[in-house]
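Notes follow the structure.
The values are calculated or read from the model by the stated rules, or taken from the named source; none is laboratory data. What you are looking at is a predicted structure, and each value in this text was computed from that prediction instead of being measured. All Cβ positions, even for glycine, are placed from backbone atoms using ideal geometry, and neighbour counts span all protein chains on display. Surface areas here come from the heavy atoms of the whole protein model, side chains and all, with no ligands, DNA or RNA. Shrake-Rupley method; radii C 1.70, N 1.55, O 1.52, S 1.80 Å.
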Amino acid sequence: MSLIPARARSSFSRFFAMLMKEFIQLRRDRVTLATMISVPLMQLFLFGYAINTTPRDLPTAVLLQENTDVGRSILAALRNTAFFDIRQVATSEAEVDSLLRAGSVLFVIEIPAGFERALRRGETPAMLVAADATDPVAAASALGALEGVVQSALSRDRVTTVAAPVQPAFEIRQHRRFNPAGASQLNIVPGLLGTILTMTMLIFTALSVTREVERGTMESLLAMPIRPLEIMLGKIAPYVAVGFLQAALIVTAGVFAFGVPVVGNLALLAALSTLFIAANLSIGYTFSTLAQNQLQAVQMAMMFFLPNILLSGFMFPFAGMPVWAQWIGECLPLTHFIRIARGVMLKGADMMDLQRDAMWLAGLMLIAMTIAVRRFRQTLD
Amino acid sequence: MRERAPDIVIDVAGLTKSFGARMVVKNLTLQVRRGQIYGFLGPNGSGKTTTIRMLCGLLTPDSGTGTCLGYDIRTQSQLIKRRVGYMTQRFSLYQDLSIRENLEFVARVFGIADPRKAASEAIARLGLSGREDQLAGELSGGWKQRLALGACILPQPDLLLLDEPTAGVDPKARRDFWNEIHALAGEGLTVLVSTHYMDEAERCHEIAYIAYGELLAHGPVEAVVRSAGLQTWRVEGEDLHVLAQALMKLPGVEMVAPFGASLHVGGRDHAALEAAIAPWRADPRYVWRADEPSLEDVFIDLMGRAKDNFP
């Protein structure tokens, strides 16, 4: 005689039947199984190595207004540090301004005319550092490092002595451009605009083809004289309008609730947002043509969404990532849109400044659309 | 103006299709004349749906050639799709769209000039006036099937491919459906319809019987029955199941099927059949009568033999 009452035993048997069935189904679903094991590992390694909150190799321009030994040795010292990556030595204010607006550099270090002479006279001259403060985290740690770098460069040149730096021989005048208060919402809101759009747009279209297959409507759709391109554009178009509405809501809330300015041209922001929305819808649609069912499509969208958040410069400074991770980042639409949104909203960037990012978005969209149309199964073979 | 209206609407030869290692359609040759209702019969999994899908360009045959409405089924499927109405086995209109919205969608895909008007006409023809705003998913099985047929004929196709259109539909709706099919054929439309129902097969001008991917018989119903060369007897009496058990083991008896209070017994070798039943014919408990084989007798016999040949 068993000690366990018959009722409990049969309840356990029913529970066990369900458990076995779930395991069998899970085992048959190879994609889910692969996702469960490979995704966490892949992402751990990918993001573990890629994400680094201490920025290095920050793209920097130097505005050298005097050609002196001191100027050259400061430049050399900056080149030797891991913090700054001197992309350009500029000669005019206008030049560096456009570099900053376009996001090509995050820092401009300006050595004014007469800096050496004033230094030798012991006059504590000022070095001007303009930082793109749209990302306050990236700006702050590099600014902190700058003084030490210049100090040691000067002492090597025996302009000052290391032994007696009681009072610094020069002054670093910081200029936090575009976000003087270092307010984090100014950085976050344009980033959120892109992140929210990415998430919603991907899901909208990721389900669109698989849903038709699962509901059985695809069979009669395929038997009708409609072409894959027509199906794709017809499925994407309504969501462009939805996405545009969403973007308008977020920008409005950003301006009124969070005090984020729109310094640049609102029409440009609208136009490039539409491009970004269309690019994400195309990518979602591509997943939809690759996936076997709706669950797979959602899994693919999620796998794509995570690097978008982590490698686009939304959560962590883009400049701090290793080069390979930056390349992955370049291939994600959100990376370019965040530059566009921060550029237009905070820096007043114009189309000239943003053409590279706009072209990336258009390119990614066209690649996704091409894959989708080619992958779209016109037959049931 | 229709560009071409060939007399042979479907003309395919040697169609073969495999899925993996399973050959679903084997070397199938089929001709359907214009204005005919062509019945496509065969057990489940016999390749009926696969054949229909190859005809309308949804599947590419592994080998074989042919034309549908004069267009090559391999290279001109886009042209075929414009002039074919395909009704899928499973309801495949949008359940979350209303009757009118579904019909207008079809009209727009086919590039009909006035989709609203075309949809209104189709609604009137279907007898769905007043219910046009109901969602397609809420309709009963019979109405869903009518709506699907309405959507198929809305673009005025030349050929209808109907894949088990009456599965799960009540007898009254089935009869109405067939009357509609005959009316359409009268107007010159060609209809290829797959079915399991014998009464429906008998309403076709010609039939083809397919089992395990092979075409076993085709032609008008009487010709198919005659060519089977089946002799049948009808037995009435008591304890027929005992008799059936005994007869099934005898040589010459190829078919034993109970029909209500009687039993159909058949075979192609007339002498062997009569020899087999001779001892039972003398038995006073049973009444034997020579009978014309029915289409169903022929099909069950064909199916049994096809299975025997199946490797």
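Details
- B:Glu101 versus A:Glu330: modelled label distance in nm, points set 7 Å from Cα along the beta carbon direction: 4.5
- For chain A, the fraction of C-alpha pairs farther apart than 26 angstrom is 61 percent.
- Where both bridge residues fall in the protein assembly as shown, DSSP classifies roughly 55% of the beta bridges as antiparallel.
- Between helix B:171-186 and chain B: long-axis angle, C-alpha atoms, 0 to 90°, nearest 10: 70
- The mean count of C-beta atoms from other chains within 10 Å of the C-beta of residues in B:79-89, rounded to a whole number, is 3.
- When the charge dipole of segment A:58-177 is built from unit charges on Cβ atoms (+1 for Lys and Arg, -1 for Asp and Glu) and taken about the Cα centre, the candidate among A:Ser92, A:Phe115, A:Ala133 whose Cα reaches farthest toward its positive end is A:Phe115.
- Cα radius of gyration and Dmax for chain B (Å): 22.4, 74
- Rounded to two decimals, the Cα-based Rg/Rh of the protein assembly as shown, with Kirkwood Rh, is 1.20.
- Rounded if a/c under 1.5, otherwise prolate or oblate - segment B:188-311, Cα gyration tensor axes: prolate
- Among B:Ile153, B:Ile123, B:Ile277: highest mean-square fluctuation, GNM of chain B, C-alpha pairs under 10 Å: B:Ile277
- Accessible-area composition of chain B, carbon plus sulfur, in percent [1.4 Å probe]: 51
- Average Cα contact separation per residue, chain B, under 8 Å, 6 or more apart, as relative contact order %: 19
- HN-Hα J in Hz across segment B:115-121 - Karplus 6.51, -1.76, 1.60, θ = phi - 60°, x for Gly and Pro: x, 5, 5, 4, 5, 4, 5
- Heavy-atom surface of the protein assembly as shown, accessible at 1.4 Å and reported per residue (Å²): 47
- Summarising the strand pairing of segment B:231-292, around 100 percent of its internal DSSP beta bridges are antiparallel.
- For segment A:100-161 versus segment A:310-363, the gap between their alpha-carbon centres in whole angstrom: 26
- Here the contact order of chain A, divided by its residue count and restricted to Cα pairs under 8 Å and six or more residues apart, works out to 19 percent.
- FRET E, pair A:Arg227, B:Ser129, Förster distance 22 Å, beta-carbon r, rounded to 0.05: 0.05
- Label-reachable residues, segment A:39-59, where backbone N falls under 20 Å from a point 7 Å from A:Ser184's Cα toward its Cβ: A:51-56
- Computed about the Cα centre, the dipole magnitude for segment B:47-187 is approximately 120 debye when only Lys and Arg (+1) and Asp and Glu (-1) carry charge, each at its Cβ.
- In terms of accessible area, using a 1.4 Å probe and ignoring ligands and nucleic acids, A:Leu99, A:Leu295, B:Leu247 rank largest first as A:Leu295, A:Leu99, B:Leu247.
- The phi torsions of segment B:63-70, fed into the Karplus equation with coefficients 6.51, -1.76 and 1.60 and a -60° offset, translate into couplings of 8, x, 9, x, 10, 10, 6, x Hz, rounded to whole numbers, with Gly and Pro shown as x.
- Comparing A:Asp69, A:Asp353, A:Asp97 in a Gaussian network model of chain A, where Cα atoms under 10 Å apart are tied by springs, the biggest mean-square fluctuation is seen for A:Asp69.
- On association of chains A and B, roughly 1900 Å² of accessible area becomes buried (total for both chains; probe 1.4 Å).
- Rounded to whole Hz, the Karplus (6.51, -1.76, 1.60) HN-Hα couplings of segment A:107-120, x for glycine and proline: 9, 10, 9, 10, 9, x, 4, x, 5, 5, 4, 5, 5, 5
- Label-point separation, B:Arg33 to A:Leu266 (7 Å along Cα→Cβ), nm: 7.3
- Kyte-Doolittle mean at least 0.0 and Cα axial length at least 30 Å: DSSP H helices in chain A: A:136-156, A:184-206, A:228-258, A:266-290, A:351-375
- Dimensions of segment A:274-315 along the principal axes, based on C-alpha atoms and rounded to the nearest Å, stand at 32, 22, 10, largest first.
- Total charge dipole magnitude, segment A:258-381, about the Cα centre, Cβ charges on Lys, Arg, Asp, Glu only, Debye to nearest 20: 100
- Hydrodynamic radius of segment A:247-357 per Kirkwood, over alpha carbon pairs, in Å: 15.2
- Over chain A: helical MRE at 222 nm, DSSP H runs n ≥ 4 each giving -39500 (n - 2.57), nearest 500: -21500 deg cm²/dmol
- For segment B:231-292: rounded, prolate or oblate by the Cα gyration tensor [a/c cutoff 1.5]: rounded
- A probe of 1.4 angstrom, applied to the heavy atoms of all protein chains, finds B:Ser227 with accessible area near 90 square angstrom.
- Segment A:184-375 shape via C-alpha gyration tensor axes, a/c threshold 1.5: prolate
- Taking label positions 7 Å along the Cα-Cβ direction at both A:His175 and A:Ser92, the computed distance is 1.6 nm, reported to one decimal.
- Across chain B, the longest run free of exposed loop sites, meaning trypsin sites (Lys or Arg not before Pro) lying outside DSSP classes H, G, I, E and B with no more than 10 other Cβ atoms within 10 Å, spans B:5-248.
- The separation of segment B:173-204 from segment A:73-88, counted between C-alpha centres, amounts to 84 Å.
- In a reduced charge model with +1 at each Lys and Arg Cβ and -1 at each Asp and Glu Cβ, the protein assembly as shown shows a dipole moment near 1060 debye about its Cα centre.
- Carbon plus sulfur fraction of accessible area for segment A:184-375, probe 1.4 Å, in percent: 73
- Calculated FRET efficiency for the pair A:Gln43/B:Gln89, C-beta based, R₀ 41 Å, to 0.05: 0.45
- Given R0 = 56 Å, the distance between the Cβ atoms of B:Glu180 and A:Asn52 translates into a calculated FRET efficiency of 0.20.
- Comparing B:Thr50, B:Thr29, B:Thr75 in a Gaussian network model of chain B (Cα springs below 10 Å), the most mobile by mean-square fluctuation is B:Thr75.
- Selection from A:Trp327, B:Thr29, A:Gly284, by position along the positive dipole direction of the protein assembly as shown (Cβ): A:Trp327
- Whole-angstrom Cα spans of segment B:126-271 along principal axes, big to small: 61, 31, 26
- Exposed loop sites here are trypsin sites (Lys or Arg not before Pro) assigned a DSSP state other than H, G, I, E or B and surrounded by at most 11 other beta carbons within 10 Å; excluding them, the longest clear run of chain A is A:159-381.
- Unit Cα scatterers, Debye sum, segment A:76-153: log10 I(q)/I(0) for q = 0.15, 0.27 Å⁻¹: -0.57, -1.45
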